[in-house]
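Asker: Next up is a structure, given as structure tokens.
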Amino acid sequence: MSLANTRLIAIIILSALGTGAMLWLGGRDLVMTVLAALEQRPTTFAIAFAAWALIANCLVLPAGSLSLIAGGAVLGAVLPAGMWFAAQLVTAPFIYRTTVSAQLAATGLIERYLGAGATQLLARAADDGVWLTAVLRLTPIIPSAPAAMIAASSGVTFKSFMLGSALAGWVRPLYFASIGATAGSLVRAAGVSTASGWQILAPLAILCIASAALFGARLYIKASKS
């Protein structure tokens, strides 16, 4: 087994163990308890948040959005968003190159189960790697590591992947950190926060759907001309 395969398997195993441990220890309540304990120590909180951002962007853990909301509530919108975006850009090349070295190709699986037409569509999407990466980065349910894996296994070039990440990767961190900053201000001012989960996710979901629709239209136009 190659070193790249070993690294990829390690990422998957650590992600599964981390997710299981978080759920067993309380999931959302665990994150909120830890963050509440550090809230009165902003410097310690910022250091812990930066370290957590690196770990979370290397693995697949169900706490990215919540961490950013909590970080925004304590530190404001800009600092946690910037740290998360920086961690994303630092860890993305490692995940991308590990996936490429492990030869994890999505095209073979797609052609086997969805047909040649789907494979051709994926190839066209990979040609517009910046757009594809931007859509992945804007999709709320796709964490950073899987986004890098999908891009790499789909044939998106490293340059296009990093450019798409730089152009769109900051949107989600700033969005969720801004929600946290606003919620934190409301809690401190009135003791309550009235935003529901759907109210939080709806604007970002609309942005994701719009970008995916534009990307789909772009692919359709290219296919019509070919």
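The values are calculated or read from the model by the stated rules, or taken from the named source; none is laboratory data. None of these values were measured; they are calculated from a predicted model. Please note: Cβ atoms are built from the backbone with ideal geometry, for glycine as well, and neighbour counts cover all protein chains shown.
Asker: If I go through the range 145-164 residue by residue, how many of them are crowded, with 21+ Cβ neighbours inside 10 Å and under 12 Å from the mean Cα position of the chain (by Cα)?
Answerer: Total meeting the criteria: 4.
Asker: Taking residue 31 as the residue in question, decide whether it is within 17 Å of residue 173 (Cβ to Cβ), modelled with pLDDT under 65 and not aromatic (Phe, Trp, Tyr). Give the steps one after another, and end with the answer.
Answerer: Values: within 17 Å of residue 173 (Cβ to Cβ): yes; modelled with pLDDT under 65: yes; not aromatic (Phe, Trp, Tyr): yes.
Answer is yes for this residue.
Asker: Kindly indicate which of 26, 64, 115 is modelled with pLDDT under 80 and under 16 Å from residue 173 (Cβ atoms).
Answerer: 64
Asker: Could you list, in sequence order, all residues of the range 40-95 that are over 16 Å from the mean Cα position of the chain (by Cα) and not in a helix (DSSP H, G or I)?
Answerer: Within the range 40-95, 40, 41, 76, 77 meet the criteria.
Asker: Return only the number of the condition from (1) of a type outside the set (Asp, Glu); (2) surrounded by fewer than 15 Cβ atoms within 10 Å (Cβ to Cβ); (3) modelled with pLDDT under 70; (4) assigned to a helix (DSSP H, G or I) that residue 122 does not satisfy.
Answerer: All conditions pass for residue 122, except number (2).
Asker: Looking at the range 140-183, which of the residues that are of a type in the set (Val, Ile, Thr) and part of a helix (DSSP H, G or I) is modelled with the highest pLDDT?
Answerer: Restricting attention to the range 140-183, the residues satisfying the condition of being of a type in the set (Val, Ile, Thr) are 141-142, 150, 156-157, 171, 179, 182.
From what is left, the residues that are part of a helix (DSSP H, G or I) are 150, 171, 179, 182.
Numbers: 150: 85, 171: 90, 179: 85, 182: 82.
Checked the range 140-183; the qualifying residue modelled with the highest pLDDT is 171.
Asker: Can residue 55 be described as on the phi < 0 side of the Ramachandran plot and either among the hydroxyl-bearing types (Ser, Thr, Tyr) or out of contact with any helix residue (DSSP H, G or I) (no Cβ under 7 Å at 6 or more places or on another chain) (or both)? It would help to see each step written out before you state the result.
Answerer: Values: on the phi < 0 side of the Ramachandran plot: yes; either among the hydroxyl-bearing types (Ser, Thr, Tyr) or out of contact with any helix residue (DSSP H, G or I) (no Cβ under 7 Å at 6 or more places or on another chain) (or both): yes.
Yes; evaluated as a whole, the condition is true for this residue.
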